[in-house]
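A.B. asks: Quick one: the structure is below, and I'll ask about it shortly.
The values are calculated or read from the model by the stated rules, or taken from the named source; none is laboratory data. Bear in mind the structure is a predicted one, so any value in this text is a computation, not a measurement. FYI the Cβ positions are ideal-geometry reconstructions off the backbone, even for glycines, and counts take in every protein chain you see.
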Amino acid sequence: MNAIHTIDDYERHIGKEAVNRIKAKARPLRDMHVMHMNSTYYGGGVSQILSSLTLLMNSLGIQTGWRVVHGPPDFFSVTKKFHNALQGAEINLTDRKKEIYEHVIHENAIRNHLDHDVVVIHDPQPLPLITHYRKKSPWIWRCHLDLTAPNREVWNYLLPFIERYDAVILSCGDYRLDLRRPQVFFTPGIDPFSIVNKDLPESAIDERLEHYGIPTDLPLVVQISRFDHWKDPEGVIRAFEKARKKEECTLVLVGNVATDDPEGAAVYRSLLAHRNERIIVLSVQDGALVNALQRRAAVVLQKSIREGFGLTVSEAMWKGAAVIGGNVGGIRHQIEDGKSGFLVSSIDEAAERIVRLLRDPDLRERMGNAARERVRENFLFTRTVEQYLDLIGSFEPEFRLKGDLGASCR
Ligand code: UDP
């Protein structure tokens, strides 16, 4: 049985001072009623974050709920296209797409009676909800995407919705938007007690790998990600094929498909053609397997082409793994190249780093140790909790943000 953790449990990771500081920040907000809304209960980093965040907020005395947008497949097909476009892809933005999007969100607004003290809307899927309420409290839009180069057409269409919010949260300063609204930057964090991250004995790791028939006779090179082209699984396979000519190893690609992502199944199917004795491709929803693989792998890859912030990167770093990440988006802030992992910009570079790490166990250990410390200092989710407490506690009448938080418009 997994226990429900309270902030005191985190003391061993973040120290007493941080725990007391978080409790003190939560005290004046006790009994507030906060609602988070996103578009999937599982699959993807947002649901991982909300799962831990909403439980810990409740244990701190803040009544925090989590709801999910409901919609038919064509709605999620449209919103995935918006998601892709915000990360820079082309889109044919027709009136029909806008109509499906806005109509389904209108239906959701009718079903959801949101009169909370604070409402936090995650990502583009539920974004237009705000247009259907007489606003009596602050509404926050939290965008988790890589906004390095958003498609202008989609951006211009979504902007009037975004500008109705009282504050916008982005994953790092690089994504700062041209907005008339205050913007704050929260680095997503991982929960050391979740199934994906909690300590695992060697026997449990062995058991999980055996259960899925994953061979352990050669070093494991691993990428764990939703099946999505932005994660570049095709590039991982090509890098692995090159590396394997120099060092023997096994590639394991594990992924899942989020309920709000209709493209995932096709990406998974396209990878199956590459399977062989040394390339394992698994589509499963098993947090314990993710945990076991990140612990046992010789090298963990996250070779994304775009990445708002890669939870899988922090998860593997937390376990002391040697991680190779795409030199993009949030990953550039997670890994210090050459110190707590490697950043790569091409398949050749990825292949070269795989070989280098496989040949040098000391380097793997040094990087892994630095990686764990980096996550402890910067990317544990108690920090995210504290940032939310700061934000929620900073709204003045008329829902303006006070002090430093309010200063970051445009
Ligand atoms: N994950 C999982 N099983 C999988 C693939 C991913 O549990 O097969 C989890 C992973 O451990 C991480 C999250 O899903 O917690 C993915 O978050 P990330 O920020 O890396 O990427 P996103 O999917 O949000 O783009």
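A.B. asks: For segment 320-332, give me each residue that is within 13 Å of the ligand (Cβ to nearest atom) and either within 16 Å of Asp232 (Cα to Cα) or surrounded by fewer than 24 Cβ atoms within 10 Å (Cβ to Cβ) (or both).
C.D. replies: Val323, Gly325, Gly326, Val328, Gly329, Gly330, Ile331
A.B. asks: Consider only pairs whose beta carbons are under 6 Å apart and that are at least six residues apart or on different chains; among these, list those whose first residue lies in segment 362-382 and is closer than 17 Å to Ala322 by Cα and whose second residue is in a helix (DSSP H, G or I) and not hydrophobic (A, V, I, L, M, F, W, C).
C.D. replies: Val375/Ser314; Phe379/Ser314
A.B. asks: If you don't mind, there's one more thing I want to ask. Please determine, by comparing only the residues of segment 193-244 that are more than 13 Å from the ligand (Cβ to nearest atom) and in a strand (DSSP E or B), which one is farthest from Ala266 (Cα to Cα).
C.D. replies: So, considering only residues that are more than 13 Å from the ligand (Cβ to nearest atom) and in a strand (DSSP E or B), the one farthest from Ala266 (Cα to Cα) is Leu220.
A.B. asks: Let me ask something else. Give the residue that is nearest to Ser52 (Cα to Cα), with candidates limited to residues of segment 372-406 that are assigned to a helix (DSSP H, G or I) and acidic (Asp, Glu).
C.D. replies: In this case the residue turns out to be Glu386.
A.B. asks: From Ile305, Ile354, which residue is touching a strand residue (DSSP E or B) at 6+ places or on another chain (Cβ under 7 Å), farther than 22 Å from Asn197 by Cβ and surrounded by fewer than 17 Cβ atoms within 10 Å (Cβ to Cβ)?
C.D. replies: Ile305
A.B. asks: Restricting the search to segment 271-296, which residues are more than 15 Å from the ligand (Cβ to nearest atom) and hydrophobic (A, V, I, L, M, F, W, C)?
C.D. replies: Matches in segment 271-296: Leu272, Ala273, Ile279.
A.B. asks: Looking at Asp123, is it of a type in the set (Asp, Glu) and within 19 Å of Val78 (Cα to Cα)?
C.D. replies: Considered against the rule, which asks whether it is of a type in the set (Asp, Glu) and within 19 Å of Val78 (Cα to Cα), Asp123 comes out as yes.
A.B. asks: Here is a follow-up. Is it fair to say Asn291 is over 23 Å from Leu218 (Cβ atoms) and out of contact with any strand residue (DSSP E or B) (no Cβ under 6 Å at 6 or more places or on another chain)?
C.D. replies: So Asn291 does not fit the description; no.
A.B. asks: Evaluate segment 254-268: report whether one residue or more is more than 18 Å from the chain's Cα centre (by Cα), crowded, with 17+ Cβ neighbours inside 10 Å, outside any loop (DSSP other than H, G, I, E, B) and hydroxyl-bearing (Ser, Thr, Tyr).
C.D. replies: Taking every residue of segment 254-268 in turn, at least one turns out to be more than 18 Å from the chain's Cα centre (by Cα), crowded, with 17+ Cβ neighbours inside 10 Å, outside any loop (DSSP other than H, G, I, E, B) and hydroxyl-bearing (Ser, Thr, Tyr).
A.B. asks: Any residue in segment 217-238 that is in contact (Cβ under 8 Å) with a residue 60 or more places away in the chain sitting within a Cβ distance under 7 Å of a residue that is surrounded by fewer than 18 Cβ atoms within 10 Å (Cβ to Cβ)? List the pairs, counting only those 6 or more apart or interchain.
C.D. replies: Close Cβ pairs (under 7 Å, with a partner that is surrounded by fewer than 18 Cβ atoms within 10 Å (Cβ to Cβ)) amount to Leu218/Glu248; Trp230/Ile305; Asp232/Ile305.
A.B. asks: Can you confirm whether segment 300-323 contains a residue that is in a helix (DSSP H, G or I) and among the acidic types (Asp, Glu)?
C.D. replies: yes
A.B. asks: Would you confirm whether or not segment 234-252 contains a residue that is under 17 Å from the mean Cα position of the chain (by Cα), buried (at least 22 other Cβ atoms within 10 Å of the Cβ) and β-branched (Val, Ile, Thr)?
C.D. replies: No, because not a single residue in segment 234-252 is under 17 Å from the mean Cα position of the chain (by Cα), buried (at least 22 other Cβ atoms within 10 Å of the Cβ) and β-branched (Val, Ile, Thr).
A.B. asks: Then there's this: Just name the residue that is farthest from the chain's Cα centre (by Cα) out of those in segment 18-62 that are within 16 Å of the ligand (Cβ to nearest atom), crowded, with 21+ Cβ neighbours inside 10 Å and not in a helix (DSSP H, G or I).
C.D. replies: His36
A.B. asks: Out of Asp260, Asp206, Asp286, report the one residue that is of a type in the set (D, E, K, R), modelled with pLDDT under 95 and on the phi < 0 side of the Ramachandran plot.
C.D. replies: Step by step, each of Asp260, Asp206, Asp286 is checked, and only Asp260 is of a type in the set (D, E, K, R), modelled with pLDDT under 95 and on the phi < 0 side of the Ramachandran plot.
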